[in-house]
Amino acid sequence: ITISTSSSEKIYDGTPLVNPEWTLHASTPLIAGHKITTLVMPASQTNAGSSPNEITQLVISDENGEDVTANYEINYSIGTLVVLPRQLTVQSGSATKNYDGKPLTCKEWKFTSVYGPVAGHRAEAVITGTITEPGQRDNTIAQVIIWDGNGKDATGNYEITVDEGL
């Protein structure tokens, strides 16, 4: 027999992705009165990345409740749980002034993507753009860091695009 587990995919939202669906494929069916009585699928994927939707325990019992698993050749076709990074766009502010010999900076920034970070997450952008002489220069975004509700770095769960002001 072959047991197949299902695959699932979602965009990172801070909650675990699970898929308890499985299918029994058999060139010949289980013997009459036999049935799968235990099938444990503990797999989950919370952070961006993937993991196998594995089965850690399988028991086939006969009509008397006796374990007859050893009487079957069992193959597995394991699905995959995939959490895709949440896409964010961060834009730094723009500023202008007349030349006065002092550096011009603008530490303002905002999210311009359809969605921001997951609720309860906190973000910080490090803006390092500066200009003193006449002209224009990108208002550089040096780094964007996102922390989850427990204060742990969750930046790896996001795909961050920068849009630098002037």
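Here are the numbers for the structure shown:
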{"quantity": "Potential extension, Ile145-His25 segment - 0.36 nm per residue separation minus Cα distance", "calculated": "38.6 nm"}
{"quantity": "At most 12 other Cβ within 10 Å, DSSP loop - GluC sites (Glu not before Pro), segment 30-135", "calculated": "Glu63, Glu66, Glu73"}
{"quantity": "Karplus (6.51, -1.76, 1.60) ³J(HN,Hα), θ = phi - 60°, over segment 97-102, in Hz, Gly and Pro reported as x", "calculated": "6, 6, 4, 9, x, 10"}
{"quantity": "Per residue accessible area in Å² of the chain, where ligands, DNA and RNA are left out and the probe is 1.4 Å", "calculated": "61"}
{"quantity": "The chain - percent of accessible surface contributed by carbon and sulfur, probe 1.4 Å", "calculated": "47"}
{"quantity": "FRET efficiency, 1/(1 + (r/R0)^6) with R0 45 Å, evaluated for Ile78 and Arg137 via beta carbons", "calculated": "0.30"}
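The values are calculated or read from the model by the stated rules, or taken from the named source; none is laboratory data. Quick caveat: nothing in here was measured; it's all calculated off a predicted structure. Because the Cβ atoms are built from the backbone with ideal geometry, glycine has one as well, and the counts that use them run over all protein chains shown. Each accessible area value is taken on the protein alone, full model and side chains, heavy atoms only, with ligands, DNA and RNA left out. Shrake-Rupley method; radii C 1.70, N 1.55, O 1.52, S 1.80 Å.
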